[in-house]
Amino acid sequence: MSSLGGGMLHSGQNLSSTSQNDDGFHVRSSSASMFTSSFSDASRMSCEGSPLTMSPWNQTTPFQYSPWTQSDDSLPQDGLIGSLVREEGHIYSLAATKDLLYTGSDSKNIRVWKNLKEFCGFKASSGLVKAIVISGGKIFTGHQDGKIRVWKVSPKNQSVHKRLGTLPTLKDIFKSSLKPSNYVEVRRRRSSLWIKHSDTVSCMSLDEGSGLLYTASWDRTFKVWRLSDSKCLESVIAHEDAVNSVVSSWEDTVFTGSADGTVKVWKRDQNGKGTKHTLFRTLLQQECAVTALAVNTSNSTVYCGSSDGLLNFWEHDSQLSHGGVLKGHKLAVLCLMAAGNLVFSGSADKTICVWRRDGTTHICLSVLTGHTGPVKCLAAEEDRDSFNRGKRWIVYSGSLDKSVKVWGVSEMGPDMAKVQTQ
């Protein structure tokens, strides 16, 4: 693989196709199957017994809404707070900022929620919102049609969102189209501008310190955008199959995970005119697809979720050393999120595992249950009203059951079992 900028993008001819199963879960047709019979192998569970059966938060029936559960000292307890349901599509993306939650689905609408109630919404011209990130007053949404749409909240009315345009901008498309060398082959007998994604935008990541936005796609590339002027600085041919996750991290490092079964580490060189990303290392190479990545910047740990239900992690000491494998899911890990000292993993098995790192081991604090479909996305905001209970998070989980569930999770939660790494 090579890192190419300045319009130098080369792509193979036969991109893998997208299929959809009965649950509405999009599966990439590739050599790495998303679902295999090994998912039901209970021997992969390193907790004694199933984390699901041991969970103190296990809900045996679908939970539509629950108010805060109050303790004797009138402080909220850990557990399910409520559910947000609007029957218009499967939930594919979430983004939380302050008291607002943005949800994207396979409808054309992006919904905004406040205090467990629908606050407002805005409509895109294309359905299936695969990713949402927020930078300042701007909201970036990645779509199945390969476009990144940019929205701005009205300073006069928080419920009004105006579309500023798309990435790449029409101006950049026009300027780039005048130069034949800016066209690259993306499929057999089909060419496109290198600054445009030629397939679904699957994920996005912000590096606000460097003023950059990363977008990755099923077209096997990731692209780098400058936030100040929305210019595409670089396009990198990253993998041999769909890129499912991109995460900007510490020390000008970027991680990508793909359906080709690899996790790659990229180093960024940045100058006044642009960026250049160079492949630094391949952390993982396996037969099953890499489906999600997350980085805990406080302890410099990288987590990788795969279609076999496992979580690998690497620790950044003098180098990136493999720390072990966390075993807690029966089906594919579809999303990961790091928050404080916790890591959350959402799965096609309809559960969310809550992990806490304690020294050299990871503890499975609990398993959140209640969704009736695969958990596709996660978001969190720190609970500023947790008082003396230690750090606590308000966690949002989006599912293909068309709902978002809201949880309160404390970093000092009850320990279920210590998960041994291998």
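Of the residues making up segment 92-104, one or more are surrounded by fewer than 20 Cβ atoms within 10 Å (Cβ to Cβ) and at pLDDT below 90.
Among the residues of segment 140-159, those that are at pLDDT 95 or above and among the hydrophobic types (A, V, I, L, M, F, W, C) comprise PHE140, ILE148, VAL150, TRP151. For segment 203-237, which residues satisfy the criterion of being outside any strand (DSSP E or B) and among the hydroxyl-bearing types (Ser, Thr, Tyr)? Residues satisfying the conditions are SER210, SER228, SER230. What are the pairs, 6+ residues apart or on separate chains, where a residue within segment 160-178 that is at positive phi has its Cβ under 6 Å from a residue that is surrounded by 15 or more Cβ atoms within 10 Å (Cβ to Cβ)? Filtered contacts from segment 160-178: GLY165/VAL150. Scanning segment 364-407 for residues that are buried (at least 20 other Cβ atoms within 10 Å of the Cβ) and either among the aromatic types (Phe, Trp, Tyr) or not in a loop (DSSP other than H, G, I, E, B) (or both) yields a total of 23. Among the conditions (1) of a type in the set (Phe, Trp, Tyr); (2) in contact (Cβ under 8 Å) with a residue 60 or more places away in the chain; (3) in contact with a Ser or Thr (Cβ under 6 Å, 6 or more places away or on another chain), TYR183 misses just one, which is (2). Exactly one residue among VAL295, VAL343 is closer than 21 Å to THR221 by Cβ, in contact with a Phe, Trp or Tyr (Cβ under 8 Å, 6 or more places away or on another chain), of a type in the set (Val, Ile, Thr) and modelled with pLDDT of 95 or more, and that residue is VAL295.
For segment 138-159, a tally of residues being touching a residue at least 12 places away in the same chain (Cβ under 8 Å), among the small types (Gly, Ala, Ser) and under 13 Å from PHE122 (Cβ atoms) returns 1.
The residue list THR301, THR278 contains one member that is modelled with pLDDT under 95, hydroxyl-bearing (Ser, Thr, Tyr) and more than 30 Å from SER105 (Cβ to Cβ), which is THR301. Restricting segment 187-215 to residues that are among the basic types (Lys, Arg) and more than 23 Å from SER93 (Cβ to Cβ), the residue that is modelled with the highest pLDDT is ARG190.
The values are calculated or read from the model by the stated rules, or taken from the named source; none is laboratory data. Just so we're clear, the structure is a prediction, and the values are computed from it rather than from any experiment. Don't worry about glycine lacking a Cβ; one is built from the backbone with ideal geometry, like all the others, and counts go over all protein chains shown.
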